[in-house]
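One structure is given here, and the rest of the page talks about it.
The values are calculated or read from the model by the stated rules, or taken from the named source; none is laboratory data. All values derive from a computational prediction rather than experimental measurement. Please note: Cβ atoms are built from the backbone with ideal geometry, for glycine as well, and neighbour counts cover all protein chains shown. To get the accessible areas, we keep the full protein, side chains included, count just its heavy atoms, and leave off ligands, DNA and RNA. Shrake-Rupley method; radii C 1.70, N 1.55, O 1.52, S 1.80 Å.
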Amino acid sequence: MIAKISRQVRAILGLTVLGLTPGLAVAEMPVIYKNGGQSLFEVSAPDYWQVRAGGPRVISPPDLEEERLINRVIGFSPVSDQGAWVGFMSPNGVRTFDQAVEYLRNVGKSIVEDPVLVSEKKTRIGGLSAAKYAGHGRRGRKTVNFTAVLIDLPQDRVAISIAILEAGVDPEMINDINAIYSSFRSLR
């Protein structure tokens, strides 16, 4: 009887491990977003994704003469395919969702041309209140889908993220992008 139970337990454990294998196979590389020496949040990059960081810079949106200050942006993209990109930032002075929406509206023209908003919804990311806006537009001459995410950080800060997928990109990229968002944790 014990041998029989042991075989059943081993079979169940074997199935459980097989069911978890995809999660175990994806090693993550934690990336911490800091501003002024203070850690704000952490996200992890999936295997075979590269991470790039850009410091503060000034840009001019298309068709506008005014310049906008862009804070540090941490960008994630797959090593093998350049048709996907996910970026995170937490702009100074952006303390509320309303301010984050306005900030996104101002800089968004530099990211996606002719954006068409298709959906918006409230959600939670990393246990925090968040809002998600999805749509499509163009980037250069390519059609893209985008998702902009606003995450309410503690102590009057907001994290802003934008994910961009070119048309025809491998649908498996969506799993990796969801893994990036699932790894989001506030460090405040």
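Checking the conditions here, which among Ser80, Ser129 is of a type outside the set (Val, Ile, Thr) and in a loop (DSSP other than H, G, I, E, B)?
Ser80
Among the residues of segment 153-165, are any modelled with pLDDT of 90 or more and open to solvent by 70 Å² or more (accessible area, probe 1.4 Å)?
Yes: one or more hits.
Search segment 101-112 for residues that are touching a residue at least 40 places away in the same chain (Cβ under 8 Å) and of a type in the set (Ser, Thr, Tyr) and pair each with any residue that is crowded, with 18+ Cβ neighbours inside 10 Å and outside any helix (DSSP H, G or I) when their beta-carbon atoms are under 8 Å apart and the residues are at least 6 apart or on different chains.
Tyr103/Pro91; Tyr103/Val94; Tyr103/Ile160
Residues checked against (1) of a type in the set (A, V, I, L, M, F, W, C); (2) in contact with a helix residue (DSSP H, G or I) (Cβ under 8 Å, 6 or more places away or on another chain); (3) within 20 Å of Pro30 (Cα to Cα); (4) not in a strand (DSSP E or B):
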site	(1), (2), (3), (4)
Ser110	no, no, no, yes
Ile151	yes, no, yes, no
Ala163	yes, yes, yes, no
Asp170	no, no, no, yes
Ile174	yes, no, yes, yes
Tyr181	no, no, yes, yes
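Tell me, which residue of segment 83-103 that is in a loop (DSSP other than H, G, I, E, B) and within 30 Å of Glu172 (Cα to Cα) is nearest to the chain's Cα centre (by Cα)?
Checked segment 83-103; the qualifying residue nearest to the chain's Cα centre (by Cα) is Ser90.
Could you tell me whether Ser119 is under 23 Å from Ser182 (Cα atoms), in contact (Cβ under 8 Å) with a residue 24 or more places away in the chain and among the hydroxyl-bearing types (Ser, Thr, Tyr)?
Considered against the rule, which asks whether it is under 23 Å from Ser182 (Cα atoms), in contact (Cβ under 8 Å) with a residue 24 or more places away in the chain and among the hydroxyl-bearing types (Ser, Thr, Tyr), Ser119 comes out as no.
Of the numbered conditions (1) within 27 Å of Asp81 (Cα to Cα); (2) open to solvent by 50 Å² or more (accessible area, probe 1.4 Å), Ala134 fails exactly one; give the number of that condition.
Among (1) within 27 Å of Asp81 (Cα to Cα); (2) open to solvent by 50 Å² or more (accessible area, probe 1.4 Å), the lone unmet condition for Ala134 is (2).
Within segment 85-100, is even one residue within 14 Å of Thr147 (Cα to Cα), open to solvent by 40 Å² or more (accessible area, probe 1.4 Å) and touching a strand residue (DSSP E or B) at 6+ places or on another chain (Cβ under 8 Å)?
yes
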